[in-house]
Amino acid sequence: MTMKYGLLGKKLGHSYSKTIHEAFAPYEYELRELTEQQLDSFMSERDFCAVNVTIPYKETVMKYLDFIDEAAKQIGAVNTVVNKNGSLYGYNTDFYGLRALLLKNGFELKNKKALILGSGGTSKTAQAVCRSLGCKELIVVSRSGEVNYDNVLSFHKDASYIINTTPCGMFPNNEGRALSTDGFTALEGVADVIYNPLRTNLLLEAKERGLRYCGGLYMLVLQAVKASELFLGKEYPETTGEEVYGKLLREKENIVLTGMPGSGKSTIGRLLSKKLSRTFVDTDELIVKKAGMEIPEIFSRFGEAHFRSLEAKVIAETSKQTGLVIATGGGAVLRRGNIDALRQNGKIFFLDRPLSQILPTADRPLSSDGQALKKRFEERYPIYISTCDETVFVDGVADHAVEAIIEKEEAK
């Protein structure tokens with residue numbers, strides 16, 4: 001079971017840790033899924049240089065350690081273990097990462113009430129971070145605790161901040177959410193330590209309410225840099241974390257194209273995918289493949305409602321992937337669930353092409369003639385605007401739109 005550097009956990013299919021460490025550190029980083037019994041053997045053999053530890057072993061691993069950093073001991077959780085000549089030293093770099101995440105996103109917890117969702121090792125870290133930032137009242141919410149998801153709103157609707165440390169909403173179960181923010185009347189911000197997807201449903205709800213919100217990717221990167229410093233006994237430049245985070249976000253975030261049929265989504269999407277070396281996905285093409293028939297036939301045989309259900313399933317599946325260029329169907333924006341799914345890992349660009357430049361599309365039943373096209377345009381234009389993150393004017397030259405999107409991406 002020899003391993004030099006890497007991550008230990010029970011399920012690691014969602015992890016970006018290998019990508020992050022190998023982006024800046026001079027070693028190979030391995031992801032190793034272990035059962036409780038395998039973890040016992042691995043830690044007892046001590047045949048490694050240094051490792052990170054994630055769910056559900058951040059507390060379990062502590063019994064194998066010869067030395068625990070005082071801060072990690074007070075928190076009650078360890079996520080970094082360094083083997084120093086056969087002796088195991090434990091640290092908590094999650095504290096550093098989460099604190100940096102909250103400060104970067106303007107979370108002002110001094111004298112405020114915060115709800116911590118979950119009671120595991122990461123919850124303990126979140127509690128310590130909140131205390132360090134002057135939080136006046138900390139409430140831990142768990143399924144079976146005194147304060148639980150059924151009664152929390154009755155007693156703590158005045159909470160200023162919510163921090164989710166549970167796996168609810170984590171890939172591949174992106175649809176999950178620990179609770180709804182509805183009813184919390186004094187809420188200022190929501191943080192989620194989950195980083196895959198980039199934005200959980202909990203965060204999308206906070207965004208919709210106009211609250212401060214942040215996912216766990218920045219935390220993951222910052223704690224990884226700090227962990228690597230402990231692995232190697234060296235310091236990286238202060239800019240390392242920001243640079244790796246920016247690069248990773250650009251690589252992982254999908255570019256999603258919305259707009260009317262005939263606005264150039266597929267053409268522009270293919271050009272973008274080639275320029276950026278990304279996989280291109282056309283959701284209409286996936287629907288045809290899934291149904292085994294062309295879109296006009298789906299409409300004529302089963303109706304629009306059936307088509308929209310197929311579309312929703314395809315979008316939900318596609319949106320769980322990262323690093324894609326996605327061209328959506330003209331009516332994809334009509335369902336709120338589609339927009340939420342696309343936003344979890346994507347940035348939405350509306351291709352705004354004037355109606356005068358859009359021709360009726362024979363293979364699209366709802367825009368097959370000029371009158372139908374005009375009606376659809378007038379109905380949908382406000383929805384395209386309200387559901388996008390960026391608007392890109394399309395003047396008939398696809399390369400111009402491609403350049404505009406790339407420029408907006410590089411400005412992140």
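The values are calculated or read from the model by the stated rules, or taken from the named source; none is laboratory data. All values reported here derive from a predicted model rather than from experimental measurement. As a convention, Cβ positions derive from the backbone with ideal geometry for all residues, glycine included, and neighbour counts pool all protein chains shown. With ligands, DNA and RNA removed, areas are computed over all heavy atoms of the protein, side chains included. Shrake-Rupley method; radii C 1.70, N 1.55, O 1.52, S 1.80 Å.
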Need one number: nm distance between label points at Q357 and Q371, each 7 Å from Cα along Cα→Cβ, rounded to one decimal.
2.8
Rounded to whole Hz and in sequence order, give me ³J(HN,Hα) for the range 38-46 from the Karplus expression 6.51 cos²θ - 1.76 cosθ + 1.60, θ = phi - 60°, writing x for Gly and Pro.
5, 4, 4, 5, 4, 6, 6, 6, 6
How much FRET efficiency would the formula 1/(1 + (r/R0)^6) give for S180 and D395, where r is the Cβ-Cβ distance and R0 is 41 Å, rounded to 0.05?
0.45
Grab the Cα-Cα distance for S144 and E28, subtract it from 0.36 nm times how many residues apart they are, and report the gain in nm with one decimal.
37.7 nm
Using protein chains only and a probe of 1.4 angstrom, how many square angstrom of D282 are accessible, to the nearest 10?
20
With θ taken as phi - 60° and the coefficients 6.51, -1.76 and 1.60, list the Karplus ³J(HN,Hα) couplings across the range 207-215 in order, rounded to whole Hz; mark glycine and proline as x.
4, 4, 7, x, 8, 5, 8, 7, x
Given R₀ = 60 Å, FRET efficiency for K408-S44 by Cβ-Cβ distance, to 0.05?
0.70
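Do the alpha carbons of any pairs in K207/K374; K18/K289; K226/K247; K73/K112 sit beyond 27 Å of each other, and which pairs? Numbers along the way, then the final one.
Working: K207/K374 32 Å; K18/K289 34 Å; K226/K247 18 Å; K73/K112 25 Å.
Violating the 27 Å Cα-Cα cut-off are K207/K374; K18/K289.
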Solvent-accessible area of R199 with every protein chain in place, 1.4 Å probe, in Å² to the nearest 10:
50
Would you kindly find the accessible area of S15, with a 1.4 Å probe and non-protein molecules such as ligands, DNA and RNA excluded, rounding to the nearest 10 Å²?
20
Only helical DSSP H runs with n ≥ 4 go in: add -39500 (n - 2.57) per run for the chain, normalise by residue count and round the 222 nm mean residue ellipticity to 500 deg cm²/dmol.
-13000 deg cm²/dmol
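Can you sort V147, V140 by solvent-accessible area, 1.4 Å probe, largest first?
The residues order as V140, V147, largest area first.
What accessible area per residue, rounded to a whole number of Å², is obtained for the chain using a probe radius of 1.4 Å? Show your work: numbers first, answer last.
Numbers: 18440 Å² over 412 residues.
About 45 Å² of surface per residue is accessible.
Out of the range 2-100, which trypsin sites (Lys or Arg not before Pro) are coil in DSSP terms and have no more than 10 other C-beta atoms within 10 Å?
Passing sites in the range 2-100 do not exist.
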Taking 0.36 nm per residue of sequence separation and subtracting the Cα-Cα distance, how much length would be gained by fully extending the chain between S300 and R250, in nm to one decimal?
13.9 nm
Does anything in the range 85-124 have its amide N under 19 Å from the 7 Å Cα→Cβ label point of L153, and if so which residues?
114-118
Carbon and sulfur: what percent of the chain's accessible surface (1.4 Å probe)?
48
For each cysteine in the chain, check whether another cysteine's C-beta sits under 4.7 Å from its C-beta; list those where none does.
C49, C168, C214, C388
What net charge do the residues around R278 carry, taking every other residue with its C-beta under 12 Å from that of R278, with Lys and Arg at +1 and Asp and Glu at -1?
+2
Give the aspartates and glutamates whose C-alpha is closer than 12 Å to that of K136, dropping any in the same chain fewer than 8 places away, or say none.
E108
Report, in debye and to the nearest 20, how large the dipole of the chain comes out about its Cα centre when Lys and Arg carry +1 and Asp and Glu carry -1 on their Cβ.
400
For K104 and E238, FRET efficiency with R0 = 22 Å and r from the beta-carbon atoms, rounded to 0.05?
0.95
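Taking 0.36 nm per residue of separation and subtracting the Cα-Cα distance, what length does fully extending E59 through T279 add?
75.3 nm
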